[in-house]
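To keep things clear, I will list the structure first and then write my remarks on it.
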Amino acid sequence: MEAMSPRTEPRCRTLSIHVVTWNVASAAPPPDLSDLLQLNNLNLDLDIYVIGLQELNCGIMSLLSDTAFEDPWSSYFMDVLSPLSFVKVSSVRMQGLLLLIFAKYQHLPFIQVLSTKSTPTGLFGYWLYGYYVSIINCHLPPHMANNDQRLEHFDRILEMQNFEAQDTPNILDHDLILWFGDMNFRIEDFGLHFVRESIKNQRYSDLWEKDQLSIAKRHDPLLREFQEGSLLFPPTYKFDKNSNNYDTRSMKGQNTPGAQRGRDVATYHFWNGPSIRFLNEKKRKPAWTDRILWRLKRQSQTDFQTPELSAPFALFLRSYVSHMVYTISDHKPVTCTFDLELKPLVSAPLITLLPEGPCTMENDLLISYCLAADFLSSPWDWIGLYKVGLRHINDYVSYVWVKDNQVSFSDRLNQVYIDISDIPETEDQFLLFYYSNNLHSVVGISKPFKIQPFSFLEEDPLDEAQPQI
């Protein structure tokens, strides 16, 4: 069996990762998120989705409902992605923050979730093909004047991230950090009129030098280690909901009392619409509040767009864009697509699973599995039977504890049977997952197979039934 044979030198492989950040302002999911998830992009073959949402509805009734059931956003993403062979790996909810990780099921034996101690942000650590990856979803303090607080929170998040396992390295020693969210950095000094004129004429580079995050990176060596793609899209905040118009809530008529009292009243013609008048002191200047950053440990900080200089673990940016089509929030979502090139440090799963015949509805399903030499099993490990297209790990149609219904075992080869008598006849394909209680992760997956109904059995010349698998 493959897991028991000598391991060959692993080849480098490329994982395509799509990162989403969106402050949804308590809104429900819109009807179509194809553009956000790049579902119609034929040039993409994604392996992993990393989705960070901020300002989810966190009222008492909503939180109680989400505790008992999946929240609407998680359910929506699972409904859309599960037919494409993506399985929800983990979900981290902290009040208004939600961090979701989806991966194609063939990657699950090579992804482990690392438990973290509580910190005031949505962070989780992951072990990916032998490398350590930290993912941070944050919502930093708002308003122009609170930039120092934002930078303090940035430092505090890095200082306070401690993992429960003793051998897990500090977050700054992780091979990759993905950090995103509503960071709330604003554009300093420039007036509202100049900012909007620059946006209207797509002169975004005129605004970069006064972006608070860009300024902070020039003075903070640690922050400078975090990279970001070029801001070649309009600032993502603040919009009127259900429109692509920047903030007009304070719009006043020409003869308003405020104007008569001498307040700063400006006229602006934007998005090719009619001229409007508004009070500058109450306006929110557009800003790139929604950002996606990353930090690599194993790569020169200048090589991220140069594939020929790639190391055994390298990240290449494919796109960094906003999605103006969505109007449910006063923020526009931002996405990044990366190619992660790595040489796997682990290339064979800890468990190899094989369904054995006869695979019929009239019989128990016999499962053979072998363990890697360094795998520590537990009586609380279990094997689940799933239909292809499962949404998450609890979506099994049947399961068995590995120490129950055991038929035979040796040092590394074991057999158990699982009851399939209650499974209705179907042409669907199935998968077997082995879940490790010690590692809190899936460590083995079978290839897809069918369970044929008893009527499909044929008689051989010796009048013995032969399974048709």
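The values are calculated or read from the model by the stated rules, or taken from the named source; none is laboratory data. Being a predicted model, the structure only gives us computed values, none of them experimental. Please note: Cβ atoms are built from the backbone with ideal geometry, for glycine as well, and neighbour counts cover all protein chains shown. Areas reflect the complete protein model, heavy atoms only, side chains present, ligands, DNA and RNA absent. Shrake-Rupley method; radii C 1.70, N 1.55, O 1.52, S 1.80 Å.
Among residues of region 435-457 that are buried (at least 16 other Cβ atoms within 10 Å of the Cβ), those with a beta-carbon under 6 Å from a residue that is among the acidic types (Asp, Glu) and at pLDDT 90 or above at least six positions away or on a different chain give the pairs SER436/ASP381. Of all residues in region 441-468, those being in a loop (DSSP other than H, G, I, E, B) and at pLDDT 90 or above number 3. When ALA3 is tested against (1) assigned by the TED database to the domain that holds PHE180; (2) assigned to a helix (DSSP H, G or I); (3) modelled with pLDDT under 95, just one condition goes unmet, and that condition is (1). Test HIS331 against the stated conditions and say whether it is surrounded by 19 or more Cβ atoms within 10 Å (Cβ to Cβ) and at pLDDT 95 or above. For HIS331, the condition - surrounded by 19 or more Cβ atoms within 10 Å (Cβ to Cβ) and at pLDDT 95 or above - is met. Taking the conditions exactly as written (at pLDDT below 95 and among the hydrophobic types (A, V, I, L, M, F, W, C)), does LEU53 satisfy them or not? It is false that LEU53 is at pLDDT below 95 and among the hydrophobic types (A, V, I, L, M, F, W, C).
Considered as a group, the residues in region 402-425 that are in a strand (DSSP E or B) and open to solvent by 80 Å² or more (accessible area, probe 1.4 Å) include one that is nearest to GLN452 (Cα to Cα), and that residue is TYR417.
Okay, residues lined up against (1) in contact with a helix residue (DSSP H, G or I) (Cβ under 9 Å, 6 or more places away or on another chain); (2) of a type outside the set (Gly, Ala, Ser); (3) at pLDDT 95 or above; (4) assigned by the TED database to the domain that holds TYR129:
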site	(1), (2), (3), (4)
VAL19	no, yes, yes, yes
ALA25	no, no, yes, yes
LEU39	yes, yes, yes, yes
LEU44	no, yes, no, yes
GLY59	no, no, no, yes
TRP73	no, yes, yes, yes
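Scanning region 128-146 for residues that are among the hydrophobic types (A, V, I, L, M, F, W, C) and farther than 21 Å from VAL92 by Cβ yields MET144, ALA145. Within region 81-98, being surrounded by 19 or more Cβ atoms within 10 Å (Cβ to Cβ) and farther than 19 Å from ILE136 by Cα holds for LEU81, SER82, PHE86, VAL87. Entry remark, region 371-428: residues being touching an Asp or Glu at 6+ places or on another chain (Cβ under 7 Å) and free of Cβ contacts under 8 Å to residues at least 40 places away in the same chain number 2 in total. Filtering ASP381, ASP395 for residues that are within 19 Å of LYS88 (Cα to Cα) and open to solvent by less than 60 Å² (accessible area, probe 1.4 Å) leaves a single hit, ASP395.
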